[in-house]
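Reading through the structure tokens given below for one structure.
The values are calculated or read from the model by the stated rules, or taken from the named source; none is laboratory data. Quick caveat, the model's predicted, so the values are computed rather than measured. Cβ: placed from backbone, ideal geometry, glycine included. Neighbour counts: every protein chain shown. Surface accessibility is based on the protein's heavy atoms, side chains included, excluding ligands, DNA and RNA. Shrake-Rupley method; radii C 1.70, N 1.55, O 1.52, S 1.80 Å.
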Amino acid sequence: MATQEQQPKWTRLPIRTRPHRNPLAENDDERPESPAQFAERYSEFYPNMPNPVVEFVDVGCAFGGMLFALGELFPQTCMLGLEIRPKVVRFAREKTLALRQENAASSTQHYRNIWFEQMNVMKFGSNCFVKGQLSRLFFCYPDPHWKRKNIRRRIISPGLVQEYAYWLRRGGLLYTVSDVEEVEEWMVQCLDESPLFRRLTEAELSSPEQKTVLDVVTDSSEDAQRTVRKGLKKNFAVHVRL
């Protein structure tokens, strides 16, 4: 029997919250009016980071497990988690502030490069980023929205792919991960059919640099740990912005 220390850290959701939210519903959520207005807040998001500019974005970040792991690998890169559920964002922010305080004496300033914002990305993502700003964009374990009438709620669609390509710089990478094979196939199809993206080959993904990041992306989030506990398969792909 595995010891308590060997068990996954996230054995259940850390707070009680709704698992889904309709991204097409009208609401009064706050959002920036323009990327310039959003960028004015970077110094607030990332204290003690020189000239902070967001480069990594995790869309639907949930409780932020993946970004906390990536933040240690890339301590000088500003990362932002965007999540539609306010209660989840509050939890992720509180955890970030606690980790910053615990690591205040660290010479690498761990966790100063991570922040979380409540955002309906499908509606207002382009209010946040300028053309070619991002180097990596992550869509990990998104809501499947099974019913045909709800497919339009999926975070990756042929129309939205064009927006994501606008945010990414040439050579930037877009990661998709899902424990639902049908959903991953849908996301890959949307990206494969776009002339602005090319899927990386298995040989390219096996390089040491790519494998290190991919391991974090597929294994470190709370949803990834749930997938392991349930014995489900992790389906993933990485596309490069052309």
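Pairing each residue of segment 110-124 that is closer than 11 Å to ASP58 by Cα with any residue that is surrounded by 23 or more Cβ atoms within 10 Å (Cβ to Cβ) and charged (D, E, K, R), provided the two are 6+ apart or on different chains, yields C-beta distances under 7 Å for PHE116/GLU83. Restricting segment 29-68 to residues that are buried (at least 17 other Cβ atoms within 10 Å of the Cβ) and among the small types (Gly, Ala, Ser) leaves a set whose member that is modelled with the highest pLDDT is ALA39.
For ARG199, the conditions (1) open to solvent by 40 Å² or more (accessible area, probe 1.4 Å); (2) closer than 25 Å to ASN120 by Cβ are fulfilled apart from (2). Summed over segment 45-73, residues that are within 20 Å of PRO86 (Cβ to Cβ) and among the small types (Gly, Ala, Ser) total 4. Within segment 26-83, the set of residues being in contact with a helix residue (DSSP H, G or I) (Cβ under 8 Å, 6 or more places away or on another chain), of a type in the set (Gly, Ala, Ser) and not in a loop (DSSP other than H, G, I, E, B) comprises GLY65, ALA69, GLY81.
Each row is one residue, and each column tells you yes or no for (1) among the small types (Gly, Ala, Ser); (2) buried (at least 17 other Cβ atoms within 10 Å of the Cβ); (3) at pLDDT 95 or above.
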residue: ARG154; (1), (2), (3): no, yes, no
residue: GLU163; (1), (2), (3): no, no, yes
residue: THR176; (1), (2), (3): no, yes, yes
residue: TRP186; (1), (2), (3): no, yes, no
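Of the residues GLU222, GLU209, GLU204, the single one that is among the acidic types (Asp, Glu) and under 15 Å from the mean Cα position of the chain (by Cα) is GLU222.
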